[in-house]
Amino acid sequence: MKFDDFFQRVAKTTGISTQKELAGLLGIEPAAITMAKSRGVPKSWGLSIAAAFGVNPVWLKTGSGPVYQNEQASTVLVPKVAAKACAGGGSFELSDMIVDELPFDRSWLSKKGNPGRMVAMEVIGDSMSPELEPGDNILIDQSQDQVADNNLYVVGLADNIQVKRVQIRPGLVVLFSTNQRYSPVTLQGDEIDTLRVIGRVLWSSRAYA
């Protein structure tokens, strides 16, 4: 998808007028815009705009068909990315490549947060067992990156991404695992600044054999 065509269609349907506004809308760095001009627009951008504004993703990509999705449509397809949220020691595959799309009720998503910033991931590792098991899918709202005490978040430490229950205490941030075989990780002082909150976990699903 060519960037210029994509930008014109997004501007028409969202009211933005600058590439800086587009970066803010998508929650990306301006450098990603520059890369998209030469490499093409990532599929996730169109899905995010479609979910947030009800725009037809096919029209965003091709300019063909209706501009907006059927107003009666109640389902939103949330992209599932190749990165895996580690519920273990913290080993991670980092990639924004879309591998699937999961259907969700539009009104439910809107009540939970910002549908345009939501992605799904697969859990690996057993540190959150039995709350989250390996192979579970989780839904993450990347717009919710300010910690509300004792909720589940996908967080980054150095090059690792983990899913943990985060608790805030005076001068401390504690990352808890549900599986008691794993000790809590306590951050204090400058260590707290190394924590990157990627998004809040809103939902999980379990696949049974």
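The values are calculated or read from the model by the stated rules, or taken from the named source; none is laboratory data. Keep in mind that what you see is a predicted model, and the values were worked out from it rather than measured. Neighbour counts run over all protein chains shown; Cβ positions are idealised from the backbone, glycine included. Ligands, DNA and RNA are stripped out before the accessible areas are found, and what is left, the full protein with its side chains, is counted by its heavy atoms. Shrake-Rupley method; radii C 1.70, N 1.55, O 1.52, S 1.80 Å.
Per-structure values
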| item | result |
| --- | --- |
| Rounded percent of accessible protein surface that carbon and sulfur make up, the chain, 1.4 Å probe | 49 percent |
| C-alpha long axis of helix 43-53 to longest principal axis of the chain, angle in ° | 80 degrees |
| Segment residue 23-residue 149, extension gain: residue separation times 0.36 nm, minus the distance between their alpha carbons | 42.5 nm |
| The stretch 147-209 shape via C-alpha gyration tensor axes, a/c threshold 1.5 | prolate |
| Projected-area mean, the stretch 95-203, by convex hull of Cα positions, square nanometres | 7.3 nm² |
| Selection from 15, 32, 123, by position along the positive dipole direction of the chain (Cβ) | 15 |
| Gap separating the Cα centres of the stretch 118-134 and the stretch 1-17, nearest whole Å | 35 Å |
| Fluctuation leader among 87, 158, 50 - the chain, Gaussian network, Cα springs under 10 angstrom | 158 |
| Angle in degrees between helix 30-39 and the longest Cα principal axis of the chain, rounded to the nearest 10 | 60 degrees |
| Of 107, 44, 143, the one that fluctuates the most in a GNM where the chain has Cα springs shorter than 10 Å | 107 |
| Per-selection Kirkwood Rh - the stretch 1-138 (Cα, Å, 1 d.p.) | 16.2 Å |
